[in-house]
Amino acid sequence: THGLTLQVFGEIGGLSWQQEHPNQLRWTPLNAPTQILERGAVGLSEAAARANRITVGHPEGMVLAFANVYRDLSEVIAAQNSGTSPDPLALTYPTAEEGCHSIEVVEAMVKSAKNDGEWMAV
């Protein structure tokens, strides 16, 4: 990343947010130690809890990634229903076959782990 940092300082303290740590907000009250506030953590205000839509440990970008898949898939379905062609860029969503292959890969990983890391064919 490019080191983007936003800071605000006032009469009672300062706030700092860094792009490299997007789930943290640093609050430094005047004449007191810095506190690190984590997105979704217990003890935040009701407004902060309401604004948090993703469970702790998952980046907010994850939702946008799924939204892109849903958008592309819905565009393809709408095109099929209307007898038109979808934008070729919408055809990049994962297929059922790719999903099944992903499961095969995970199963091979589990089998490999049970066999001291032996390579497994997929």
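The values are calculated or read from the model by the stated rules, or taken from the named source; none is laboratory data. Only a predicted model underlies this, so the values are computations on that prediction, with no experimental measurement involved. Methodologically, a virtual Cβ is constructed for each residue, glycine included, from the backbone with ideal geometry; neighbour enumeration extends over all protein chains shown.
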*Working carefully through the options Val105, Val69, Val110, find the one that is surrounded by 10 or more Cβ atoms within 10 Å (Cβ to Cβ), out of contact with any Gly (no Cβ under 8 Å at 6 or more places or on another chain) and either within 30 Å of Gln24 (Cβ to Cβ) or in the same structural domain as Glu38 (by TED's automatic domain parsing) (or both).*
Val69
*From the list Pro86, Pro94, which one is surrounded by 11 or more Cβ atoms within 10 Å (Cβ to Cβ) and in contact (Cβ under 8 Å) with a residue 24 or more places away in the chain?*
Pro94
*Scan the stretch 47-54 and give yes if some residue there is in a helix (DSSP H, G or I), among the aliphatic types (A, V, I, L, M) and more than 23 Å from Asn23 (Cβ to Cβ), otherwise no.*
no
*In the stretch 1-45, how many are surrounded by 13 or more Cβ atoms within 10 Å (Cβ to Cβ), farther than 18 Å from Gly57 by Cβ and of a type in the set (D, E, K, R)?*
1
_Given the criteria surrounded by 10 or more Cβ atoms within 10 Å (Cβ to Cβ) and part of a helix (DSSP H, G or I), does Glu75 qualify?_
yes
